Number of protein chains: 2
Amino acid sequence: MSERPIQHRDAERTRAELLEVATSVFADSGYSGARIDEIARRTRTTKRMIYYYFGGKEQLYLAVLESVYRGIRDKEQTLQVEEMDPADSLRRLSEITYDHHMANEEFIRLVAIENIHRGRFIRQIDSLRDLSKPALGVLDTILDRGRDEGRFRTDVDALDVHLLISSYCVFQVANQYTFGYLFDRDLQAEDQRSHLRSMIGDVVVAWVTERT
Amino acid sequence: MSERPIQHRDAERTRAELLEVATSVFADSGYSGARIDEIARRTRTTKRMIYYYFGGKEQLYLAVLESVYRGIRDKEQTLQVEEMDPADSLRRLSEITYDHHMANEEFIRLVAIENIHRGRFIRQIDSLRDLSKPALGVLDTILDRGRDEGRFRTDVDALDVHLLISSYCVFQVANQYTFGYLFDRDLQAEDQRSHLRSMIGDVVVAWVTERT
DNA sequence: CCGCTAATGTAACATCCGGTACGTTCATAA
DNA sequence: TTATGAACGTACCGGATGTTACATTAGCGG
């Protein structure tokens, strides 16, 4: 038996592992449904460490929330919608958002869970507010360009567009199970993807494009 | 102390009261978060009766799910989108859907909860499938009319339109807490309502309207 | 090599919570 | 009136679950 040179007593590793597993368990089962014992069991450490590093179940959940939001925003900031035709930019942004949501079901689930709790936990993390608003900057730039070129309506707000795109993309992930069951359509199916992926861009562009 | 002539031993009333309170508690706290004791406490009967009438927590939750879905579909079927201009009909349908969702937060929350559970419970209630699909009939009729008049695109599916409208309306209720907090905009605020209410109709009409 | 402390493990505790055993009461029908 | 069963209440059980008291070990500075 080859003893792996496991780094024992690695505070950072232990903490990180707990956070990672906790993210997965909370996303799976919700706050009440998640079990401290299960989180511990799935790591290489014990329940005791959750209290040592986080203080308790609630603080662990808060740490999870903050970490996933930061992770998402970090990823978002690396995305670049290149300088191009404003309509194409909107399409591109829509597709990026779509892909992004599809690839981060765990995050969407945690957001849904947080909303079930009426935002009770997220309200305790002030730092997240400042993280979100800049996300509208790109959209604002695109809309400005389109308006300058006289091709976009002037009465459409960036936040409204964001709301529209978010709604669509979040729904496909968050409500896939009930929708899929009730209407017999698997929103995650490969053959649906390309259609659904391009659809929201069409919708947005059709909406913001000025008609004469 | 005037003894109210309460009807004791009224099986139907007891069952109904349990179901009503359970709906509220499950919508508030989720399946795991809901407490059998709390449900009982909020009724005029005892915990024992939950097991007498429903069998257990899970069966009670299933009964709640089925009853709210039936209630929603019943209400939907009484709605009539009158014969009028297809574009106006779409706007009207959008607004009806918007109002409907805003007025039924409890239902939206139960759907969200069910999706957190990946539809595990709803899949046990076959009867709900047949209840949902007819809801697309109205939409189909409107789209047909618009297409016949040569004013709507021919490649837009009723289910796609439904998906778009649902996404938008569900999101406003389901994600109001995180969205409201992160972007500092209360989606339920009175002054937002009229704008958000008319917006989705504009979006849909712009999208399905044929441009030449 | 020693001592100190951060990091970890063990084992239990106290409470919560879904579920049930058992007894009681009321309404109805014969 | 009485027998009977549906409807209801009480009190409790047993396991699950978040939390902690206490003991232990590894690793680092001196």
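The values are calculated or read from the model by the stated rules, or taken from the named source; none is laboratory data. A quick note: this is a predicted structure, and the numbers were derived from the prediction, not measured. Don't worry about glycine lacking a Cβ; one is built from the backbone with ideal geometry, like all the others, and counts go over all protein chains shown.
Observations on the structure shown:
Results for (1) near DNA strand C (Cβ under 9 Å from one of its atoms); (2) under 24 Å from B:Asp28 (Cβ atoms); (3) away from every other protein chain (no Cβ under 14 Å); (4) loosely packed, with under 14 Cβ neighbours inside 10 Å, shown as yes or no for each residue.
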position	(1), (2), (3), (4)
A:Arg15	yes, no, yes, no
A:Ala27	no, yes, no, no
A:Tyr31	no, yes, no, no
A:Ile39	no, no, yes, no
A:Arg42	no, no, yes, no
A:Tyr52	yes, no, yes, no
A:Glu58	no, yes, no, yes
A:Glu66	no, no, no, no
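- Filter result (within 11 Å of DNA strand D (Cβ to nearest atom), touching a residue at least 12 places away in the same chain (Cβ under 8 Å) and over 16 Å from B:His8 (Cβ atoms)) within region B:41-52: B:Ile50
- Test: residue in region A:144-153 that is buried (at least 16 other Cβ atoms within 10 Å of the Cβ), farther than 23 Å from B:Arg109 by Cβ and not charged (D, E, K, R): yes
- Subset of region A:171-202 that is farther than 19 Å from B:Ile116 by Cβ, in contact (Cβ under 8 Å) with a residue 40 or more places away in the chain and at the interface with another protein chain (Cβ under 9 Å from one of its Cβ atoms) - its residue that is surrounded by the most Cβ atoms within 10 Å (Cβ to Cβ): A:Ile200
- Residue tally, condition of a type in the set (Lys, Arg) and modelled with pLDDT under 95, over region B:93-129: 1
- Every residue from region B:98-125 that is touching a helix residue (DSSP H, G or I) at 6+ places or on another chain (Cβ under 7 Å), farther than 15 Å from B:Val64 by Cα and surrounded by fewer than 19 Cβ atoms within 10 Å (Cβ to Cβ): B:Met102, B:Arg118
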